[in-house]
1. Got a sec? Which of GLU42, GLU16, GLU47 is more than 24 Å from ASN72 (Cα to Cα), surrounded by fewer than 15 Cβ atoms within 10 Å (Cβ to Cβ), of a type in the set (Asp, Glu) and over 13 Å from the mean Cα position of the chain (by Cα)?
2. Would you mention how many residues in the stretch 24-37 are surrounded by 11 or more Cβ atoms within 10 Å (Cβ to Cβ) and out of contact with any helix residue (DSSP H, G or I) (no Cβ under 9 Å at 6 or more places or on another chain)?
3. If we scan the stretch 58-71, do we find a residue that is modelled with pLDDT of 90 or more, surrounded by 15 or more Cβ atoms within 10 Å (Cβ to Cβ) and assigned to a loop (DSSP other than H, G, I, E, B)?
4. What's the number of the only condition in (1) of a type in the set (A, V, I, L, M); (2) farther than 14 Å from MET65 by Cα; (3) in a helix (DSSP H, G or I); (4) out of contact with any Phe, Trp or Tyr (no Cβ under 8 Å at 6 or more places or on another chain) that VAL34 fails to meet?
5. Kindly establish whether MET54 is surrounded by 16 or more Cβ atoms within 10 Å (Cβ to Cβ) and over 11 Å from the mean Cα position of the chain (by Cα).
6. Taking the stretch 4-13, which residues are surrounded by 10 or more Cβ atoms within 10 Å (Cβ to Cβ) and of a type outside the set (S, T, N, Q)?
Amino acid sequence: VAIVATGGLSHQVHGERCGFNNPDWDAQFVDMLVNDPEKLTEMTLGEYAELGGMEGSEVIMWLVMRGALSANVTETWRDYY
């Protein structure tokens, strides 16, 4: 069984914040996705947009994917570029 989510981490492709990235938030999000996903469900869409840019809300798809997994997961690989 494979469970896959798509979407980018922090980014914004239009408007005043075009080109925005937040690598610190990206790392924090992935840490929370592995270790404390329920905390991510407490965030508003506005908070996701502020931290991750307007397109950064795509990570909600990652959270949906995480909900399909057991509470305890093991991170086997992480690469960021």
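The values are calculated or read from the model by the stated rules, or taken from the named source; none is laboratory data. Since the model is a prediction, treat every value here as computed from it, not as a measurement. In this analysis, Cβ positions are derived from the backbone assuming ideal geometry, glycine residues included, and neighbour counts consider all displayed protein chains.
1. Result of the check over GLU42, GLU16, GLU47: GLU16.
2. Total satisfying the criteria: 3.
3. no
4. Condition not satisfied by VAL34: (2).
5. Against the criterion (surrounded by 16 or more Cβ atoms within 10 Å (Cβ to Cβ) and over 11 Å from the mean Cα position of the chain (by Cα)), MET54 qualifies.
6. ALA5, GLY7, GLY8, LEU9, HIS11, VAL13
So that you can scan it fast, the table gives a plain yes or no per residue for (1) part of a helix (DSSP H, G or I); (2) polar (S, T, N, Q):
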{"site": "VAL1", "(1), (2)": "no, no"}
{"site": "THR6", "(1), (2)": "no, yes"}
{"site": "HIS11", "(1), (2)": "no, no"}
{"site": "HIS14", "(1), (2)": "no, no"}
{"site": "TRP25", "(1), (2)": "yes, no"}
{"site": "VAL30", "(1), (2)": "yes, no"}
{"site": "GLU38", "(1), (2)": "yes, no"}
{"site": "TYR48", "(1), (2)": "yes, no"}
{"site": "TYR81", "(1), (2)": "no, no"}
